[in-house]
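What follows is a short report on a single structure.
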Amino acid sequence: MTPRLSLHTLFAALVAVSALSACGGGSSAPAETIPSDAGLVVKNVKSIRFDASEYSATAGDIKVAFVNEDTVRHTLLIAQDGVKVPNFKLVVAEKGALDVGNINLAAGSYTLICDVPGHQNMKATLTVS
């Protein structure tokens, strides 16, 4: 006599298989990590702030990695003398999110900012040499 699976048991098995396949393996892409060639890594931390008040980078093409360790959305813009550097904005919408972008900066002093409403205190100095 062949055992019969109930509809409930079959559904539970399908849910389990589906959940396991979503956890990795197969053809799913690996989680994003900070690129090893990032010339600048900026992290958001709790209390709506960056992880440092000062950063440094080498002039020229800079790969910027922006990581969200907070639970709210943040942006990263770069300004010099109060003027935002055009065509550069990184966005991380949730905890664990990573955004990476490239920017070409000359030597000088810049300000990192988050332009999300209410985050006007999120500022840090970037020294490029």
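The values are calculated or read from the model by the stated rules, or taken from the named source; none is laboratory data. Being a predicted model, the structure only gives us computed values, none of them experimental. Cβ sites come from the backbone with ideal geometry, for glycine too, and all protein chains shown count toward neighbours.
Here are the numbers:
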| read-out | value |
| --- | --- |
| Top-ranked residue in region 28-44 [being free of Cβ contacts under 8 Å to residues at least 40 places away in the same chain and surrounded by 14 or more Cβ atoms within 10 Å (Cβ to Cβ); ranked as farthest from ASN102 (Cα to Cα)] | LYS43 |
| Per-region count, region 92-109, residues surrounded by 15 or more Cβ atoms within 10 Å (Cβ to Cβ), of a type outside the set (D, E, K, R) and closer than 17 Å to LYS43 by Cα | 5 |
| Selection count, region 110-129, where residues are loosely packed, with under 14 Cβ neighbours inside 10 Å, assigned to a strand (DSSP E or B) and not polar (S, T, N, Q) | 0 |
| Test set (1) surrounded by 10 or more Cβ atoms within 10 Å (Cβ to Cβ); (2) within 15 Å of ALA124 (Cβ to Cβ); (3) at pLDDT below 95 - ALA79 fails condition number | (3) |
